[in-house]
Amino acid sequence: MTTHRQPLDSVLETIGETPLVRVHAGPPGVPIYAKLESFNPGASIKDRIGKYMLEEMLADGTLKPGGTVIEPTAGNTGIGIAVAAGQLDLEAVFVVPERFSLEKQQLMRALGATVINTPTEKGMGYAIDRAHALAEELANAVVPQQFENPLNANAHYETTAPEVYEALENEVGAIVAGCGTAGTLMGMAQYGREYDAQTHVAAVEPEGSLYATFTGKDVEEGSYKTEGIGTHDPSTNALFDPTLVDEVLRFSDRMIHEEMQRLAAEEGQLVASSAAANSLAAQSVANRIADGSIDAPSDSVVTVFADSSERYLSKGVYRSYDEWEG
Ligand code: PMP
């Protein structure tokens, strides 16, 4: 495994090869491991797709040198794309619904990108339409559109999943990940199911999100504080393939908030809400592997901690539940 100890030429070379660390909750005999994605230079899992999508699009000519990348994004993808765009001599423009954290928007701007805000109540669908409209106005502009671009999932199929399988010498029983675009889960699930078709795959979302409707569940839509995962409009989640998913696990914001605080206090893990949701889901799957109700090919559960709590301190992640703005 690359260790990044040798001198490197570009920050892009530090993307990926993140640590895989034990989560010390869950039953004995079924270890849970999380990929710590805040170790990437832009401090989230989305650096992987920023680098991968732009390099692939430059290689196949979809994106011309000196071109502009326009992306509707909650923030982390913007930072990931901005890191890569800056080093690949591309311009970056992001269309961001207002509710997403200010820290992320400041970082995108610091990296040289332009940020355009859209009203929160108009949702992500509106941000996506704005991005496409802008691309039509500009010459040599491309919208990677992480919500439907297979390169998003491929980045995880090509990097995140093989790193995990190598570290665990292929002993992976279950893959658990919260879904925003679902790129992470789909890329890892495809890799896992190709390795062993019995690999258990669980999607994760906060209560109020509608991914569960893909598995036929009648769930109610509502707002949630958890950031980075979930959907209000499943018609925009083109990457999500229900045939690769055994179940969609859902947790309340309150449980997720409690787990976020536990991870910091007990495990030294300064991770954000999506990681806490993944941790709860991984424990649920591990418990069921332990009691035999899930028949997994190996006694281990793998998940990702997509980013760090530091990115959300201004929203009060470590204050009381009611003071957490989400
Ligand atoms: N966690 C965080 C903090 C995120 O920003 C995202 C991306 N929106 C995810 C999880 C979900 O990743 P994906 O889009 O690959 O489903």
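Okay, here's what the table says:
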item: Taking the chain and dividing mean pair separation by its residue count, relative contact order in percent (alpha carbons under 8 Å, at least six apart); result: 20
item: Surface/4 estimate of mean projected area, convex hull on alpha-carbon atoms of the chain, nm²; result: 15.9
item: Listed peptides 32-41, 159-168 by packing density, highest first (mean Cβ within 10 Å); result: 32-41, 159-168
item: Relative packing of 10-17, 218-225, which averages over residues the other C-beta atoms within 10 Å, highest first; result: 10-17, 218-225
item: Relative contact order for segment 46-142, counting Cα pairs under 8 Å that sit 6 or more residues apart, in percent; result: 32
item: Net charge, residue 100 excluded, C-beta distance under 14 Å - Lys, Arg +1, Asp, Glu -1; result: +1
item: Largest-first principal axis extents of the Cα set of segment 82-184 (Å); result: 48, 34, 26
item: Likely footprinting exposure, 101, 314, fewest C-beta neighbours within 10 Å first; result: 314, 101
item: Per-residue Cβ neighbour rank within 10 angstrom, fewest leading, 8, 58; result: 8, 58
item: Student exercise, the chain dipole from Lys, Arg, Asp, Glu Cβ charges, in Debye to nearest 20; result: 540
item: Net charge contributed by nearby residues that have their C-beta within less than 13 Å of residue 257 (K/R +1, D/E -1); result: -3
item: Relative packing of 77-83, 299-305, which averages over residues the other C-beta atoms within 10 Å, highest first; result: 77-83, 299-305
item: Angstrom value of the Kirkwood radius, inverse mean 1/r, which spans all Cα pairs in segment 1-65; result: 14.0
item: 5 Å-binned pair-distance histogram of segment 46-142 (Cα, whole percent); result: 3, 16, 26, 25, 20, 8, 2, 0
item: Count of lysine pairs in segment 46-142 with Cα separation under 23 Å (8 or more residues apart, or interchain); result: 5
item: Estimated FRET transfer efficiency (residue 218, residue 64; beta-carbon r; R0 41 Å; 0.05); result: 0.30
item: Debye equation applied to the C-alpha atoms of segment 241-326, log10 I(q)/I(0) at 0.12, 0.26 Å⁻¹; result: -0.41, -1.28
item: The chain - share of DSSP beta bridges that are antiparallel (%, nearest 5); result: 15
item: Cα gyration tensor category, rounded, prolate or oblate, for segment 129-251 with a/c compared to 1.5; result: oblate
item: Inter-site label distance for residue 99 and residue 6 at 7 Å from Cα along Cβ, in nm; result: 4.6
item: Local electrostatic count at residue 226 - Lys and Arg +1, Asp and Glu -1, tallied over other residues with Cβ under 10 Å; result: -3
item: Proxy reagent accessibility, fewest Cβ within 10 Å first, across 128, 229; result: 128, 229
item: Relative contact order computed over segment 232-293 (Cα-Cα under 8 Å; 6+ residues apart), in percent; result: 27
item: Cut-off under 5 Å, modelled amide H: who pairs with residue 175 long-range; result: 200, 201, 202, 302
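Read the figures in this text as sums done on the coordinates, not as results from a lab. If you're wondering where the values come from, they're calculated on a predicted model, not measured in any experiment. A quick note on method: Cβ atoms are made from the backbone with ideal geometry, for glycine too, and the neighbour counts reach across all protein chains shown.
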